[in-house]
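What follows is a single structure, written as structure tokens, with notes after it.
Each value in this text was obtained by applying a stated rule to the coordinates, not by laboratory testing. Just so we're clear, the structure is a prediction, and the values are computed from it rather than from any experiment. As a convention, Cβ positions derive from the backbone with ideal geometry for all residues, glycine included, and neighbour counts pool all protein chains shown.
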Amino acid sequence: MDGNYSYMPSKDTVENTNINHLMKRYGFSTVKELYDWADTNRKEFWDAMVKELNIVFFKNYKSVFDDSGGREWTKWFTGGSVNIVYNTVEKWKNNEGYAIKFEDEKGRKRHITFKEMDELTGKLAGSLLDLGVRKGDRVGIYMPLNPDCVIAFYAIMRIGAVSVPIFSGYGKDALQTRIDDAGIEYLFTSESYMRKGKEIPMADTARSVKNVKLIISEPADLKEGEVSFAALLESGNYTGSVHTDSEDPAIMLYTSGTTGKPKGTVHVHGGTLVNVTKEVKYYMDLIPGDTLFWITDLGWMMGPWAIIGSNCLGSSIFLYDGAIDFPNPDRLWDLIDGNGITLLGVSPTLIRNYKFKGISRELKGIRVFGSTGEPWDEESWSYLFKVLGSGKVPIANVSGGTDIMGCFLASTPAIPLKPRCLYRGLGMNVSVLDEGGNEIIDRIGYLVAREHTPSMTRGIWNQPERYLQSYWSKYPGLWNQGDWAEMDEEGYFYLYGRADEVIKTSGKRIGPNEVEDSVLKVPDASEAAVIGIPDAVKGEAIVVFYTGKEGDDTITLIKRQVEKSLGKSFSPKYIINLQNLPKTKNGKILRRVLRTTFLGQDPGDISNIEDKSVIEQIKEKAAEFRGTKNGIA
């Protein structure tokens, strides 16, 4: 061990973690031994997970997995019958604890017990059958993160239909694309919701699309052919969870469309349920009585992940459908205090904003922080740990993707933590390879999984060849996640962004996150995003976009800091101040949009950008540099 740890769990802390209980139960003395066993004894490990997580199969599976059709098309828990909703709701129907806690932007609250959730989802499931929805049909959900969206999510899967959550911030074109691609006949939506004090007329967007029938929550005035959500809840005949096959599709999630047409990734009842629940239990260390709040949307993977994992373990999920910093930055603290939240999932972008605003108030009551969405910079990770967590709260930093409905990498409260670090995913058999496919240590390369894992997408909807090309073509037989990563001898990992965003300047490769980390050491820089652009001399030149204090002094400080941290070879060609960076609603920075817009190219699908005015800002800045000696053609 190199000793560069910020968090060292006490002996008592380690002994009380779920992962330590698992380790001891199977006779291992170290976490590394447990992880090695999980990677090399896959059948025994995943069979053990079903038992440890109390997953109920209506019919026992014949084999843990079957890869006779090729590793890329592996099937899990074959011959078994299981339903996500039975395990998250129906098996807990005699539990008076809360399945859902909810608060909206106006401060109104709603709590729903497991018993009530069973009744609500059972009645809505019956109404869906009356509407003609059948097993395998895709049903869309275009709603803010509130109890109605979760009731719809569960009711759809309860009858064997496929839930298709769609990001609540999408506009007409993005919504229509997903409806058409998935073949959605019915779409759940809400009349409106509040965001930063403004009413968002969500149903107006839903009404603007074609070829779909709407089920509307709290409609102001139903139009012809529309159905009231409340009426379906009132009239439905209670219906139990159908016995779906382990490999039956349960959820279809769309990637955010950073390249080409958005991909519809397909996730099944068995593998999704087992892996997601494993991750929430052992990474977030969820225990009975916990309330998990992940700042996200149902249309992003972390929404279904947090909901399914919490409820399958019999614990509460907290939902919030407003802006986390409205009407003031202290809103998050109020939500935590007022709802008994014990586990909190954040994005690095949110924490950077708190750091830049100088907020130093401890987030009391939080036992474990979760984080995902983008790589950390060291300053912001340390600020979350030392300031908001008072140097006591571990950060379960996880990374995976929509396409695997889970996490290849995850740190846990049971291990010492270094700034920015992740750890091996339990049972995920990951590594980092160089261009030639050789495993590398302490060098940046491609993050891969050596084996198929249960929650991986069963393909891209109606595009099998695209699935193989996207994930299995770079290293035959290995899943290429597309992330740029580094691992060390102890099993810790560090992320550096998407591999297709790596910059090669003067023959040297560097991930944008390394440069961004340097930029954010400058106090006047709030956020940063780095891209590479064509350069006649270097091949690619580095461009830094940042938010924060504008002016030549800040630009000079950024340039010097990057040169000091990384060397003059990586000195930025341009350093550009923006009012905002192009980000999704859940805080992920879209470097692809920065690069294409700056180069005067078509940015593609920008429907998932929260503030589209940033596009014009980038265009204006780019125009200032066109025609310069080494500028943009």
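Give me the number: length gained by fully extending Arg71 to Val537, i.e. 0.36 nm times residue separation minus the C-alpha to C-alpha distance, one decimal in nm.
The Arg71-Val537 span can extend by a further 163.4 nm.
If the cut-off is a Cα-Cα distance under 24 Å, which lysines reach Lys474, setting aside same-chain residues fewer than 8 apart in sequence?
The reachable lysines, counting only those whose Cα sits under 24 Å from Lys474, are Lys75, Lys261, Lys263, Lys504, Lys508.
Using label points projected 7 Å from each Cα along Cα→Cβ, tell me how many nm separate Asp330 and Lys261, to one decimal.
5.1
Using the alpha-carbon atoms, what tilt in degrees (0 to 90, nearest 10) does helix 31-40 show relative to the longest principal axis of the chain?
70
Residues of the range 590-616 with amide nitrogen under 16 Å from the 7 Å Cα-to-Cβ point of Asp180?
605-607
Would you please report the Å³ per residue occupied by the convex hull of the alpha carbon atoms in the range 405-531?
Each residue corresponds to 148 Å³ of Cα convex hull volume.
For Lys11, give me every one of the aspartates and glutamates with a C-alpha distance below 20 angstrom, ignoring sequence neighbours fewer than eight places off in its own chain.
Cross-link targets: Asp2, Glu33, Asp285, Glu490.
Hey, rough spin-label estimate for Glu96 and Asn438, points 7 angstrom out along Cα→Cβ, what's it come to in nanometres?
6.5
How large is the Kirkwood hydrodynamic radius of the chain, counting all unique pairs of alpha carbons, in Å?
For the chain, the Kirkwood estimate is 25.0 Å.
Relative contact order, percent, of the chain when contacts are C-alpha pairs under 8 Å separated by at least 6 residues?
Over the chain, the number comes to 12 percent.
What is the Cα centroid distance between the range 249-318 and the range 74-100, reported in whole angstrom?
Value for the Cα centre distance between the two parts: 14 Å.
Given 0.36 nm per residue, what is the gain on full extension from Lys210 to Lys196 after removing their alpha carbon distance, in nm?
In short, 2.1 nm is gained.
Compute the Cα gyration tensor for the range 314-464, then decide on rounded, prolate or oblate, letting a ≥ b ≥ c be the square roots of its eigenvalues: rounded whenever a/c is under 1.5, prolate when a/b is larger than b/c in the other cases, and oblate in all that remain.
Judged from the Cα gyration tensor, the range 314-464 comes out prolate (a/c at least 1.5, a/b above b/c).
Which aspartates and glutamates does Lys213 reach when only Cα atoms under 12 Å apart count, and residues fewer than 8 places away in its own chain are ignored?
Within the straight-line limit of under 12 Å, Lys213 reaches these aspartates and glutamates: Glu185, Glu224, Glu226.
Please report the orientation-averaged projected area of the range 96-161, defined via the convex hull of its C-alpha atoms, in nm².
Mean shadow area of the hull around the Cα atoms is 4.6 nm².
What is the log10 of I(q)/I(0) for the range 502-625, computed with the Debye formula using one identical point scatterer on each Cα and no solvent, at q = 0.20, 0.22 Å⁻¹?
-1.16, -1.38
Expressed as cubic angstrom per residue, what is the convex hull volume of the alpha carbon set of the range 357-397?
Measuring per residue, one finds 74 Å³ for the Cα hull of the range 357-397.
Which of the GluC sites (Glu not before Pro) found in the range 460-505 are in a DSSP loop and have at most 12 neighbouring Cβ atoms, other than their own, within 10 Å?
Glu489
Among the listed pairs Lys357/Lys386; Lys109/Lys223; Lys364/Lys521; Lys93/Lys123; Lys106/Lys196; Lys43/Lys278, which are separated by more than 18 Å between their Cα atoms?
Correct reply: Lys109/Lys223; Lys364/Lys521.
What do you get when you divide the Cα radius of gyration of the range 1-62 by 2.2 N^0.38 Å, with N the number of residues?
Taking N as the residue count of the range 1-62, the ratio is 1.41.
Pop a pseudo-label 7 angstrom from the Cα along the beta-carbon direction at both Lys521 and Arg466 and give the gap in nm to one decimal.
In this crude spin-label approximation the distance works out to 4.2 nm.
Angle check, please: helix 42-52 long axis (alpha carbons) against the longest principal axis of the chain (alpha carbons), in degrees 0 to 90, nearest 10.
It works out to around 60 degrees.
Run the numbers for Asp36 and Asp12: contour at 0.36 nm per residue of separation, minus the present Cα-Cα distance, in nm.
Residue separation times 0.36 nm, minus the Cα-Cα distance, leaves 6.2 nm.
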